Amino acid sequence: MRAAYTHDHQAVLAVEDVSLTAPRGAFVAVTGPSGCGKTTLLKLLAGLLRPTRGEVWVAGRPVRGPQQHVGMAFQNPILLPWRRTLDNVLLPLEIVPPHKHRLRTHRREYVARAQALLRAVGMDGFGDRHPWQLSGGQQQRVNLCRALIHDPLLLLLDEPFGALDAFTREELWQVLQGVWLERRFTVVLVTHDLREAIFLADTVYVMSPRPGRLVYTAPVPLPRPRTLEDTFTPAFTELYHAVRRHIGGGGEAATGSGGGGFGAHGFPREGTGP
Amino acid sequence: MTRQLREWTPPALVILGAFALWEVGVELLGVEPFVLPGPRAVWAAYRAWEGAIWFNAAQTLYTTLVGFGLALVGGMLLGLAIGYSALVYRALYPLLVGFNSVPKAAIVPVLVIWFGIGTVPAILTAFLISFFPIVVNVATGLATLEPELQDVLRSLGASKREIFLKIGLPRSLPYFFASLKVAVTLAFVGAIIAETVAANRGIGYLMIAASARFEVPLVFAGLVVVAAMGVALFVVFALVERRLTGWAYRGQSVAG
């Protein structure tokens, strides 16, 4: 898989001359200060936005519009409140062909698939619950299942764990890593949390403030499966500092948004994009 | 059972209390029955005119429900069109607002000129008065769809129609049903307004006729029946709403 794009968005340059590629099955994280166009990048990849210049390629083909082999999950789980967990997970199958035509006749097979996914993220037995009966972490797990139910080649995650508490977040890192190691889809993860990026990704890309440019690329050579213990090793810390130094471009931005020791948590949250 | 009892006891007590206060007040202050009859006098008038009251009440119920039914179908369709398309919204909304700000009582004489005295003006008034809240609610339900939710479906290649069917329509249903219980009571008011101006049947006509003959207890009997029917219609649609869009209430008894 290859993804390279250049984009200027109306009058505002959201992303400029960003060029990166992710091999099939890779886990890539994109990070950077608020408003650097990370969400725009994801929308370009998803085909929700069209680049004004340049091209986006996914699975060997240029992206011309929404694509069915892409799964998306946002910070806000936005499950449909009138559907139970299982039916929320099945939603993409009602839209993506060929499943959309097979869903009714092969329902049992698809339900089994959804249940296997729910089990993989630790939500076994929650299929009958309504979204409001689930905690934030549980909703996000369901959200992940919904993004994966149609076996996408490419999973796009826009700060999926940003609204969760630290413990739940770390737990979900491991859940995501587990599912990914098992299924090996390609992931592009957008996050403010540098620990999250380094823990999960093969490569961490850092973008500059608007217009977003790629300013740093950090391969993460740590072996998998990674554990939370690994995040306290010197190798991890070194990577963390290397990435951190490239956030915020100049000194003023860095001091302005640095916050405490774990600066990544101190960043203001990015909106839905410029 | 005990929970139902607990739920129904307070309103029942308040209503009985209001009647008691009314009766005692009228007795103590010595108000003449042709000014304000007490509940017992009203009850006596009701018993005396029971057949006529229910005959006319049935007519009012009929015009209300026909008018409301038209508003329900028309309001849902127009609301969906307005919520679905920004163009339709921009084009129609000012007209609708202007239309809604005309007092419906002022339209009745026009309707009488067009359709004569009788059932049709009552139905149309009921329709006109209950149409707008349904349109606005349905359109609001569609317009407040979370953009992220649309993105999730759009990124899968969903068509606008699929997004509408999968999320737009179900999302607007609670708004639709919430508007129904308001709209049906409004339709009832509309029908009665029309009947008091131009009808030879219906509970509104009965009350006007009774007051012309100074049968004040009968007027009040009509009023009480009107109130009871209004409450009954409200309850029916509140129950329909609860049943069909229970998910919007999250298991708590939050009345919309």
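The values are calculated or read from the model by the stated rules, or taken from the named source; none is laboratory data. The model shown is predicted, which means the values in this text are computed figures rather than measured ones. Heads up, the Cβs are rebuilt from the backbone with ideal geometry, glycines too, and the neighbour counts pull from every protein chain shown. The accessibility values were calculated without ligands, DNA or RNA, using every heavy atom of the protein model including side chains. Shrake-Rupley method; radii C 1.70, N 1.55, O 1.52, S 1.80 Å.
Considering the conditions (1) more than 12 Å from every other protein chain (Cβ to nearest Cβ); (2) open to solvent by 20 Å² or more (accessible area, probe 1.4 Å); (3) touching a Lys or Arg at 6+ places or on another chain (Cβ under 8 Å), A:HIS130 is excluded by exactly one of them, (1). Looking across region A:80-92, the residues that are more than 8 Å from chain B (Cβ to nearest Cβ) and open to solvent by less than 20 Å² (accessible area, probe 1.4 Å) come down to A:THR85, A:ASN88, A:VAL89, A:LEU90.
The residues on offer are B:ALA187, B:ALA210, B:ALA183, B:ALA198, and the sole one that is farther than 28 Å from A:HIS101 by Cβ, out of contact with any Lys or Arg (no Cβ under 7 Å at 6 or more places or on another chain) and without any contact (Cβ under 8 Å) to a residue 24 or more places away in the chain is B:ALA210.
A count restricted to region B:130-160 and to residues that are within 11 Å of chain A (Cβ to nearest Cβ), out of contact with any Phe, Trp or Tyr (no Cβ under 6 Å at 6 or more places or on another chain) and not hydrophobic (A, V, I, L, M, F, W, C) stands at 8. For region A:164-185, which positions are among the polar types (S, T, N, Q) and farther than 18 Å from A:PHE74 by Cβ? A:GLN174, A:GLN177 - these are the residues of region A:164-185 that are among the polar types (S, T, N, Q) and farther than 18 Å from A:PHE74 by Cβ.
Filter region B:164-173 down to the residues that are touching a helix residue (DSSP H, G or I) at 6+ places or on another chain (Cβ under 8 Å), at the interface with another protein chain (Cβ under 9 Å from one of its Cβ atoms) and either free of Cβ contacts under 8 Å to residues at least 12 places away in the same chain or more than 16 Å from A:LEU79 (Cβ to Cβ) (or both) and list them by number. Selection gives B:LEU173 alone.
Examine region B:26-42 for a residue that is in contact (Cβ under 8 Å) with a residue 12 or more places away in the chain, touching a Leu at 6+ places or on another chain (Cβ under 8 Å) and in a helix (DSSP H, G or I), and state whether such a residue exists. Within region B:26-42, one or more residues are in contact (Cβ under 8 Å) with a residue 12 or more places away in the chain, touching a Leu at 6+ places or on another chain (Cβ under 8 Å) and in a helix (DSSP H, G or I).
Taken across region A:133-153, residues that are over 28 Å from A:GLY35 (Cα atoms), among the hydroxyl-bearing types (Ser, Thr, Tyr) and touching a helix residue (DSSP H, G or I) at 6+ places or on another chain (Cβ under 9 Å) do occur, with at least one present. Cβ-Cβ distances below 9 Å connect the following pairs, each with a first residue in region A:143-156 that is more than 11 Å from A:ALA73 (Cα to Cα) and facing chain B (nearest Cβ under 10 Å), a second residue that is open to solvent by less than 10 Å² (accessible area, probe 1.4 Å) and small (Gly, Ala, Ser), and a separation of six or more residues or different chains: A:HIS150/A:GLY71; A:PRO152/A:GLY71.
In region A:133-142, the residue that is nearest to A:LEU48 (Cα to Cα) out of those that are away from chain B (no Cβ under 13 Å) and open to solvent by less than 20 Å² (accessible area, probe 1.4 Å) is A:GLN140. Among the criteria (1) within 23 Å of A:ASP202 (Cα to Cα); (2) within 10 Å of chain B (Cβ to nearest Cβ); (3) open to solvent by 10 Å² or more (accessible area, probe 1.4 Å), the one A:GLY71 does not fulfil is (3).
Taking region A:49-132 and the helices (runs of 4 or more DSSP H) fully enclosed by it, the elements with 2 or more residues that are hydrophobic (A, V, I, L, M, F, W, C) are at A:85-90, A:107-120. Any idea which residue in region A:217-256 is modelled with the highest pLDDT, counting only those that are closer than 13 Å to A:PRO33 by Cα and either touching a strand residue (DSSP E or B) at 6+ places or on another chain (Cβ under 6 Å) or open to solvent by less than 30 Å² (accessible area, probe 1.4 Å) (or both)? Ranking the candidates gives A:VAL243 first. With B:LEU244, B:LEU239, B:LEU223 as the choices, which residue is closer than 26 Å to B:GLU23 by Cβ and open to solvent by 70 Å² or more (accessible area, probe 1.4 Å)? Going through B:LEU244, B:LEU239, B:LEU223 in turn, just one is closer than 26 Å to B:GLU23 by Cβ and open to solvent by 70 Å² or more (accessible area, probe 1.4 Å): B:LEU223.
Only one of the numbered conditions (1) in contact (Cβ under 8 Å) with a residue 24 or more places away in the chain; (2) of a type in the set (Val, Ile, Thr); (3) open to solvent by 30 Å² or more (accessible area, probe 1.4 Å) is violated by B:VAL73, and that is (1). Scanning region A:186-240 for residues that are part of a strand (DSSP E or B) and more than 16 Å from the chain's Cα centre (by Cα) yields a count of 7. Please specify each residue of region A:82-104 satisfying the condition of being more than 15 Å from B:SER159 (Cα to Cα) and modelled with pLDDT of 85 or more. Of everything in region A:82-104, those that are more than 15 Å from B:SER159 (Cα to Cα) and modelled with pLDDT of 85 or more turn out to be A:TRP82, A:ARG83, A:ARG84, A:THR85, A:LEU86, A:ASP87, A:ASN88, A:VAL89, A:LEU90. For region A:96-107, a residue qualifies if it is touching a residue at least 12 places away in the same chain (Cβ under 8 Å) and buried (at least 17 other Cβ atoms within 10 Å of the Cβ), and the qualifying residues are A:VAL96, A:HIS99, A:LEU103. Scoring A:LEU194 on the criteria (1) touching a Gly at 6+ places or on another chain (Cβ under 8 Å); (2) over 19 Å from A:LEU93 (Cα atoms); (3) within 13 Å of another protein chain (Cβ to nearest Cβ); (4) not basic (Lys, Arg) leaves a single failure, condition (3).
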